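Remarks on the structure that follows.
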Amino acid sequence: MSFPSRYELELGLRYVRAKRRNSFISFISLISMLGIALGVAALIIVISVMNGFSSELRERMLAATAHVEVKGYSQGDTSPMNDWQGIAAVLQKNPEVAAVAPYVQGEGLWVNGEINKPSLIRGIEPVGEAQVASVQKHMKVGSLDMLKPGEWGVILGVDLARGLGVRVGEKVALITPQGTVTPAGSVPRVKSFTVTGLFEIGWIEADSRVALIHVADAQRLYQLGDAVTGIRVKLHDLMKAREVADGWLRTLPGGLGVSDWTTQNLSFFKAVQMEKRVMFIILTLIVAVAAFNLVSTLVMVVTDKEADIAILRTLGARPGSVMQIFVVQGAVIGVVGTLIGLVLGLLISFNLDHVVGFIERVFGVTFIDKTVYLITELPSKVLASDVTTITLLSLGLSLLATLYPSWHASRVNPAEALRYE
């Protein structure tokens, strides 16, 4: 089928604009157009939200974790890393590495009066930590530099501090499982800390469980001497974390384990990707239903225009020419519907925070509960590849829907159509 000629285009567009004798056909055409528009808009909005959710959560996770972590292992259990300076020097030779920092990690129980909260204790070197993670950007009060060796200061997540009922400058006790041996037996070690800062990443797992202390204090607290738990590594390109980690697994000395941010949260990100694919398929059905509704619309138009088709045929119009007239008409409905949906979807996606905020205020509902969704706001990230795929999919389905009605129009018998005219 060749490209439509000028008269085929003009006649197809006239059929779209013309007021038909049967107003019901005009109504069905409008419904088909709006159905395609709503389907395209819904696809763009939902896929953008899924992209934003994945990207936002990844960024917030990486604010508290590193791209790659190298740990000491012994018989399957975490063990102290003694010669960590030499290992750090080896890691820094990789051109993909931007920064490295040692850390000490352990468990503890914070106690304030009758309130107690379990926590992940992370000993950090403030300067190095600021280079490998972005927690400094999420400080609500104070800064990482306020952690000084020997001063026993602690920076708490805001939810952890709120749960303990402590503020900056107040004391809080930490009980660690590494006990102190006494004549009466082993007793838990208790140490008093001063709250020097608060951070809020927006990821509930970090804000409610993580406490940061100086690495030297952590070494003394967990009786590690000069050893550390591991080394945190930041790469120039976080998407190369798996490749770099696999390379280190083959080249680093035995007794070391390597993990990256993709494997640490693998099940979660796989679930997000699976949900994105399922939502794409489900919402594509909306566009497909609207496109198939276009089939019934064009069939009714062809039936209504049988006399016009017969006259065109008697004037010498070829069957292929008649077919292209109705392809143009259906394509116009599909293109206009797709463009309306594209504009609507992009407008809502780029202004989603305002739209969601307005709906929440009007109806008194909360869409995002951070205890459930791990983040505090509904993010949106529009990718050109997704928008292009959705647009081409809608246009393709719309064009496909025009083929049968157009072919049916080309098969109209002029003598039969004009018999009762």
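The values are calculated or read from the model by the stated rules, or taken from the named source; none is laboratory data. Being a predicted model, the structure only gives us computed values, none of them experimental. Glycine also receives a Cβ, built like all others from the backbone with ideal geometry; neighbour counts cover every protein chain displayed. These area figures cover heavy atoms from the full protein model, side chains too; ligands, DNA and RNA do not enter into them. Shrake-Rupley method; radii C 1.70, N 1.55, O 1.52, S 1.80 Å.
Ser134 meets the conditions (1) touching a Ser or Thr at 6+ places or on another chain (Cβ under 8 Å); (2) more than 20 Å from Ala218 (Cα to Cα) in every case but one. The failed one is (1).
The single condition among (1) surrounded by fewer than 20 Cβ atoms within 10 Å (Cβ to Cβ); (2) outside any strand (DSSP E or B); (3) touching a residue at least 40 places away in the same chain (Cβ under 8 Å) that Gly169 does not satisfy is (3). Residues of the range 111-129 include at least one that is of a type in the set (D, E, K, R), touching a strand residue (DSSP E or B) at 6+ places or on another chain (Cβ under 7 Å), assigned to a strand (DSSP E or B) and buried (at least 17 other Cβ atoms within 10 Å of the Cβ).
If you go through the range 249-261 and keep only what is assigned to a helix (DSSP H, G or I) and surrounded by fewer than 17 Cβ atoms within 10 Å (Cβ to Cβ), you end up with Leu249, Arg250, Thr251. Of the candidates Leu266, Leu342, the single residue that is under 28 Å from the mean Cα position of the chain (by Cα) and surrounded by 15 or more Cβ atoms within 10 Å (Cβ to Cβ) is Leu342.
When Glu129, Glu125 are checked against the criterion of being within 24 Å of Glu56 (Cα to Cα) and either among the β-branched types (Val, Ile, Thr) or in contact with a helix residue (DSSP H, G or I) (Cβ under 7 Å, 6 or more places away or on another chain) (or both), a single residue qualifies: Glu129.
Within the range 261-278, is there a residue that is in contact with a strand residue (DSSP E or B) (Cβ under 9 Å, 6 or more places away or on another chain), modelled with pLDDT of 80 or more and either over 30 Å from His408 (Cβ atoms) or acidic (Asp, Glu) (or both)? The answer is yes; a qualifying residue exists. Tell me which of these Leu393 doesn't satisfy, since it passes every other one: (1) buried (at least 18 other Cβ atoms within 10 Å of the Cβ); (2) at pLDDT 85 or above; (3) assigned to a loop (DSSP other than H, G, I, E, B). Tallying (1) buried (at least 18 other Cβ atoms within 10 Å of the Cβ); (2) at pLDDT 85 or above; (3) assigned to a loop (DSSP other than H, G, I, E, B), Leu393 fails exactly one: (3).
Among all residues of the range 302-316, there is at least one that is surrounded by 21 or more Cβ atoms within 10 Å (Cβ to Cβ), part of a loop (DSSP other than H, G, I, E, B) and at pLDDT below 80. Being touching a helix residue (DSSP H, G or I) at 6+ places or on another chain (Cβ under 8 Å) and either charged (D, E, K, R) or modelled with pLDDT under 90 (or both): is that true of Lys117 here? In short, yes.
I need the full set of residues from the range 92-102 which are more than 29 Å from the chain's Cα centre (by Cα) and buried (at least 20 other Cβ atoms within 10 Å of the Cβ), in order please. Passing the criteria: only Pro102. Is there a residue being buried (at least 20 other Cβ atoms within 10 Å of the Cβ) and in a strand (DSSP E or B) anywhere in the range 235-248? Checked the range 235-248: at least one residue is buried (at least 20 other Cβ atoms within 10 Å of the Cβ) and in a strand (DSSP E or B).
Scanning the range 204-234 for residues that are open to solvent by 10 Å² or more (accessible area, probe 1.4 Å) and assigned to a loop (DSSP other than H, G, I, E, B) gives Ser208, Arg209, Tyr222, Gln223, Leu224, Gly225, Asp226, Thr229.
Of the residues that make up the range 65-87, is at least one assigned to a helix (DSSP H, G or I), open to solvent by less than 20 Å² (accessible area, probe 1.4 Å) and either closer than 15 Å to Arg232 by Cα or out of contact with any Phe, Trp or Tyr (no Cβ under 6 Å at 6 or more places or on another chain) (or both)? No - not one qualifying residue is present in the range 65-87.
Inclusion of Arg162 among residues that are free of Cβ contacts under 8 Å to residues at least 12 places away in the same chain, surrounded by fewer than 16 Cβ atoms within 10 Å (Cβ to Cβ) and farther than 30 Å from Asp260 by Cα is warranted.
Filtering the range 291-301 for residues that are over 30 Å from Ile36 (Cα atoms), at pLDDT below 85 and open to solvent by 40 Å² or more (accessible area, probe 1.4 Å) leaves an empty set.
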